[in-house]
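As structure tokens, the structure follows; a few thoughts come after it.
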Amino acid sequence: MTRPITSWLSDMDGVLVHEGVALPGAPEFVRALRDGDHPFLVLTNNSIFTPRDLRARLAGSGIDLAEESLWTSALATAQFLVDQMPGGSAYVIGEAGLTTALYEAGYTLTSADPDFVVLGETRTYSFEAITRAIRLVQGGARFIATNPDVTGPSQEGDLPATGAVAAMITAATGRQPYFVGKPNPMMIRSALNRIDAHSETTAMVGDRMDTDVVAGIEAGLRTFLVLTGSTRPEDVQRYPFRPTQVLDSIADLVDRVPEWAAGPA
Ligand SMILES: [Mg+2]
């Protein structure tokens, strides 16, 4: 039996926006969720920005969202660390998105004998910071990274991302990080907890099979793949799992939010 979908999680890049421009139907989709009082979060593996930064960037694209409606891998990482060790300490390589999340979660940021080394996305990696992280991991600090993506997009081409820098620290230390962001279903489960939603009545919308869809499936959600991002229709069948539905864009979901909430016909 098919249960209604009353709560929604949506990936951000490739679903709602692409390089600062709203994708078709994105503002309307967010409005439909808000008008219908549906709990929802917009997810991103990018840990650079705070929810406030992201809210402003999305507003510039014509997508009107509250800060509270954004769930980043930095927030998920902070939540994970608090669950693991409340009041702990961390040496952080990352930007405001990550340092703010950890600080607000009650963590002490220090380079002196921290409980964790936490690696996030940044545009300003320094040799000194990476050397410090390597020595701390060698000394027993637990190694956490916000997301496993090895590259990120820019208008000039790919940029090295968190996963690539993590690989350097792994090569030097022999220690693998625990990655919190997608495809780890931890990212989805922490988002569900945040909005008090249940997996059976929540759907995940994404543009990638190997992150959004697989993480959604593993967390027990129904999944919608949109083709406005990095996946082509012919790619879908190469995976050993499939989304609940494949859609051209999120515009195809706008009118169906109330239908899904009403449950199966
Ligand atoms: Mg995406």
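Just so you know, all these numbers are worked out from the coordinates, no wet-lab data involved. Bear in mind that the values here come from a model prediction, so they are computed numbers and not experimental data. Here the Cβ is made from the backbone with ideal geometry for all residues, glycine too, and neighbour counts use every protein chain on show.
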Rg/Rh over Cα atoms for segment 83-239, Kirkwood Rh, comes to 1.00
The rounded separation in angstrom of the Cα centers of segment 88-121 and segment 169-240 is 24 Å
Only helices counted: for the chain, with every DSSP H run of 4 or more residues adding -39500 (n - 2.57) and the sum spread over all residues, [θ] at 222 nm is -9500 deg cm²/dmol
If every Lys and Arg gets +1 and every Asp and Glu gets -1 at its Cβ, then about the Cα centre segment 50-89 yields a dipole, in debye to the nearest 20, of 120 debye
Measuring from the longest principal axis of the C-alpha atoms of the chain, the long axis of helix 185-194 (C-alpha) lies at a number of degrees, nearest 10, equal to 70 degrees
Rounded to the nearest 5, the percent of DSSP beta bridges in segment 85-179 running antiparallel is 15 percent
Rounded to the nearest 10 degrees, the helix 51-60 long axis (Cα) sits at an angle to the longest Cα principal axis of the chain of 50 degrees
Largest fluctuation, Ala171, Ala22, Ala56 only, Gaussian network model of the chain with Cα springs under 10 angstrom, belongs to Ala171
Residues Phe80, Phe29 in order from fewest to most other beta-carbon atoms within 10 Å are Phe80, Phe29
Projected onto the charge dipole of segment 1-42 (unit charges on the beta-carbon of Lys, Arg, Asp and Glu, signs +1, +1, -1, -1), the Cα from Phe40, Ala26, Met12 with the largest positive-side position is that of Phe40
Expected max-MSF residue from Pro177, Pro240, Pro153 in the GNM of the chain (alpha carbon, under 10 Å) is Pro240
Charge tally for neighbours of Gly62 with beta carbon under 15 Å away, counting Lys, Arg as +1 and Asp, Glu as -1, is +1
Scoring only Lys, Arg, Asp and Glu (+1, +1, -1, -1) among other residues with Cβ under 15 Å from the Cβ of Leu247 yields -4
Scoring only Lys, Arg, Asp and Glu (+1, +1, -1, -1) among other residues with Cβ under 12 Å from the Cβ of Ala76 yields +2
Packing-ranked peptide list from 184-191, 122-129, highest mean Cβ count within 10 angstrom first, is 184-191, 122-129
Largest fluctuation, Tyr91, Tyr178, Tyr239 only, Gaussian network model of the chain with Cα springs under 10 angstrom, belongs to Tyr239
Share of Cα-Cα pairs in segment 1-143 beyond 18 Å, whole percent, is 60 percent
In degrees rounded to 10, the 0-90 angle between helix 127-138 Cα long axis and the longest Cα principal axis of the chain is 90 degrees
Sequence order, segment 100-105: Karplus ³J(HN,Hα) from phi using 6.51 cos²θ - 1.76 cosθ + 1.60, θ = phi - 60°, Hz rounded, Gly and Pro as x, gives 5, 4, 5, 4, 5, 7
Note on the chain, DSSP bridge orientation, antiparallel percent to nearest 5 equals 10 percent
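Using only the Cα atoms of the chain, build the gyration tensor, take square roots of its eigenvalues as a ≥ b ≥ c, and label the shape rounded, prolate or oblate: rounded if a/c is under 1.5, else prolate if a/b is larger than b/c, else oblate.
It comes out prolate by the Cα gyration axes.
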